[in-house]
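Notes follow the structure.
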Protein chains: 2
Amino acid sequence: MSGARVGFVPTMGYLHAGHTSLMDIARPQCDQMVASIFVNPLQFGPNEDLDVYPRDPEGDAEKCVAHGVDALFLPEESSFYPDGFVSTVHVDRLTEGLCGAKRPGHFDGVTTVVARLFGLIRPDLAVFGTKDYQQIAVIRQMVSDLALGVEICPGPIVRDADGLALSSRNRFLSKEARRRALTLNACLRAIGDAGERDVAALNDIGKAVLDVDRLDYLEIVDPVTLQPLDTVRDDAQALIAAFVGGTRLIDNLRISRGDT
Amino acid sequence: MSGARVGFVPTMGYLHAGHTSLMDIARPQCDQMVASIFVNPLQFGPNEDLDVYPRDPEGDAEKCVAHGVDALFLPEESSFYPDGFVSTVHVDRLTEGLCGAKRPGHFDGVTTVVARLFGLIRPDLAVFGTKDYQQIAVIRQMVSDLALGVEICPGPIVRDADGLALSSRNRFLSKEARRRALTLNACLRAIGDAGERDVAALNDIGKAVLDVDRLDYLEIVDPVTLQPLDTVRDDAQALIAAFVGGTRLIDNLRISRGDT
């Protein structure tokens, strides 16, 4: 194995076409591909859905084989963190807004589990989906700051035919909730298509389309720093998180001035 | 270099025989030995001695060569942390007491710089002195938790003939202050020689010997968990930190029941 290039796709399981697209991205770039399935308790808040997060290890294993995974790391949830585990990796600034503001401690859980997974698996390359747009930015920063030496590859959002971003949590949506969940992506597309630069106006345009139970955030930010913008100059990223029928969903879309 | 075993001795420079003893420990265990000199601002508090910490890069380089260092990493203090660096590695619990209690943020600075140095240098083995007893415990924990894959080797405390533990900060001691600084080690030896198991009594015995300006702590703790003990059962570690003539010094000694 010495000298083999190792690709890695970390997941929380209940795999869908979004996850397998990450495997398809990694496969041609590595000699050995490792996937992991671990529902990481550290990244769930006390009132979040850790206990009901969907699991399907056998179906997941079949999908991994079909997409060329060489090794599937499926640690016991009780033993992944050894007794006495007390370390945390914290990334400041990038974690302050968006999901970081709404889910305290979430990104510390993400960076800590990813650092430990990188240590255990030693990948050359890891692929993360861009539905979790803030997550991949935070992980890139950690990798740079701690010189972890892992190339981070983004995987584009995979959507159902109706535009809904794939998520393991979509299984919780009733038919009626799913219809309303589509308004997250519709909201982002309305913002992207508006031909408008003023962020306050864009937010109004987006919110007019939304039909959700609770909006966590709708923000238009710099695509690198994730800092909120007042005016869209060149590229910007529109991000949304909202609850529909008790399920929290996220989505995002790049909006570019000039090519709308 | 592929397959070569890399040893690493991280330091803050102004090297003394304590540092070079770490190099002598690493040298036979590795093919390539890297040392680093970096006075890490993250591990100094706002009222500490970062600005006056002694520096001697040329003398240090000579000592490194004499002790078989193959590569000396001497980063610019202004550029070691790239612009936008925002990550922190935090180790909980082990950092709560002792120096961690007296120097808030100190160990976050230590673990963060060591994680970044390990990332940049990729050692198989790293040697740390045990004068900083809590530091090496914290680093071991980080390496285990984040699966960094670096073997951590302890280097015994090196002392001057009069018993004073070597420290780059000893240069700040006047002749009079140095005489009083010797009471740190004398205090620890009095505790170790007392043939007493009760920690409160041992503390009194130690303090009777001390002649310092301010005692930061004198504690007798479990050598692994660093938790304070009431009674010395098997092994215990006595640790002291105190200011003498404006200089903060630390020392520690293993005390064993039965062989005193």
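Chains A and B: what accessible area do they bury, summed, in square angstrom to the nearest 100, with a 1.4 Å probe?
1900 Å²
The figure for A:LYS207 is an accessible area of roughly 100 square angstrom, using a 1.4 Å probe on the protein chains alone. Label-to-label distance for A:LEU215 and B:ALA147 is 4.1 nm, based on points extended 7 Å past Cα in the beta-carbon direction. Please work out whether the range A:1-76 counts as rounded, prolate or oblate from its C-alpha gyration tensor, where a ≥ b ≥ c are the square roots of the eigenvalues and a/c under 1.5 means rounded, while otherwise a/b larger than b/c means prolate and anything else oblate? Since a/c reaches 1.5 and a/b is larger than b/c, the shape of the range A:1-76 is classed as prolate.
How high is the FRET efficiency between A:ASP124 and A:ASP162 when r is their beta carbon distance and R₀ equals 35 Å, given to the nearest 0.05?
Efficiency, from the Cβ-Cβ distance: 0.45.
The same position B:PHE243 in the other copies lies at 5.1 nm from this copy, comparing label points 7 Å beyond Cα toward the beta-carbon, shortest first. How tilted is helix B:106-121 with respect to the longest principal axis of chain B? Cα atoms for both, answer in degrees (0 to 90, nearest 10). So the helix axis and the longest Cα principal axis differ by about 30 degrees.
When only Cα pairs below 8 angstrom with a gap of at least 6 residues are kept, chain A shows a relative contact order of 17 percent.
Starting from the Cα coordinates of the range B:6-155, work out the convex hull volume and express it per residue in Å³.
107 Å³
Between copies, the label points at B:LEU50 (set 7 angstrom from Cα along Cα-to-Cβ) are spaced 3.6 nm, reported in nanometres from shortest to longest. Applying Stokes-Einstein at 10 °C and 1.306 mPa s to the Kirkwood radius of the range A:56-126, computed over alpha-carbon pairs, gives a translational diffusion coefficient of 109 µm² s⁻¹. When you restrict to C-alpha pairs under 8 Å that are six or more residues apart and normalise by the size of the range B:168-254, the relative contact order lands at 33 percent.
Here the range A:168-254 is assigned +1 on the Cβ of each Lys and Arg and -1 on the Cβ of each Asp and Glu. Its dipole about the Cα centre then comes out at about 640 debye. DSSP beta bridges fully contained in the protein assembly as shown are about 60 percent antiparallel. Going from the chain on its own to the full set of protein chains, the range B:145-176 has these residues losing 10 Å² or more of accessible surface (heavy atoms, 1.4 Å probe, no ligands, DNA or RNA): B:ASP145, B:LEU146, B:ALA147, B:LEU148. Give me the residues in the range A:98-142 whose solvent-accessible area, probe 1.4 Å, is reduced by at least 40 Å² once all protein chains are included instead of the chain isolated. Buried-area filter returns A:ARG116, A:ARG122.
At 1.4 Å probe radius, can you tell me the per residue accessible area of chain A in Å²? Each step should come with its number before you reach the end.
Details: 11500 Å² over 260 residues.
So chain A comes to 44 Å² accessible per residue, rounded to a whole number.
Among B:VAL89, B:VAL65, B:VAL143, the largest mean-square fluctuation in a Gaussian network model of chain B (Cα springs under 10 Å) belongs to B:VAL65. How large is log10 I(q)/I(0) at q = 0.07, 0.10, 0.11, 0.13 Å⁻¹ when the Debye formula is applied to the Cα atoms of the protein assembly as shown, each weighted equally and without solvent? Here the Debye-derived log intensity ratios amount to -0.50, -0.89, -1.00, -1.22. Modelled spin labels at A:ARG197 and B:ALA201, positioned 7 Å past Cα toward Cβ, are 8.2 nm from each other.
Work out, step by step, the length gained on full extension between B:ALA17 and B:VAL224: first 0.36 nm times the residue separation, then minus their alpha carbon distance; give nm to one decimal.
That pair, B:ALA17 and B:VAL224, stretches by 71.9 nm at full extension.
Label zone (B:ARG171, point 7 Å along Cα-to-C-beta; backbone nitrogen cut-off 16 Å) within the range B:1-29: B:11-20. Helix A:133-145 and the long axis of chain A differ in direction by around 50°, with both axes built from C-alpha atoms.
With the whole protein complex present, B:ASP216 retains an accessible surface near 20 Å², based on a 1.4 Å probe.
Rolled with a 1.4 Å probe across the full set of protein chains, the surface gives A:ARG5 an accessible area near 80 Å².
Taking amide H as placed 1.01 Å from N in the peptide plane, the amide H of A:ASP216 sits under 5 Å from that of A:ALA241, A:ALA242, A:PHE243, each at least 5 places away or on another chain. In terms of Cα atoms, the Rg and Dmax of the range B:168-254 work out to 13.0, 39 Å. Counting only alpha carbon atoms, the long axis of helix B:57-66 and the longest principal axis of chain B meet at about 90°.
Calculate, in whole percent, how much of the Cα-Cα pair population of chain A lies beyond 21 Å.
For chain A, the share of Cα pairs beyond 21 Å comes to 61 percent.
Here the range A:168-254 exposes an accessible surface that is 46 percent carbon and sulfur, computed with a 1.4 Å probe and the other protein chains kept in place. The candidates A:ASP49, B:ASP160, arranged from most to least accessible area with a 1.4 Å probe in the full protein assembly, appear as B:ASP160, A:ASP49.
Nonpolar atom fraction for the range A:26-94, defined as the carbon and sulfur part of the 1.4 Å probe accessible area, stands at 50 percent. Ascending distances from the B:PRO28 label point to its copies in the other chains, with the point 7 Å along the Cα-to-beta-carbon line: 5.3 nm.
Structural descriptor for the range A:6-155: relative contact order 30 percent, calculated from alpha carbon pairs under 8 angstrom and at least 6 residues apart.
The values are calculated or read from the model by the stated rules, or taken from the named source; none is laboratory data. Given the structure is predicted, the values throughout are model-derived calculations rather than measurements. A quick note on method: Cβ atoms are made from the backbone with ideal geometry, for glycine too, and the neighbour counts reach across all protein chains shown. Only protein heavy atoms, including side chains, enter the accessible area calculation; ligands, DNA and RNA are left aside. Shrake-Rupley method; radii C 1.70, N 1.55, O 1.52, S 1.80 Å.
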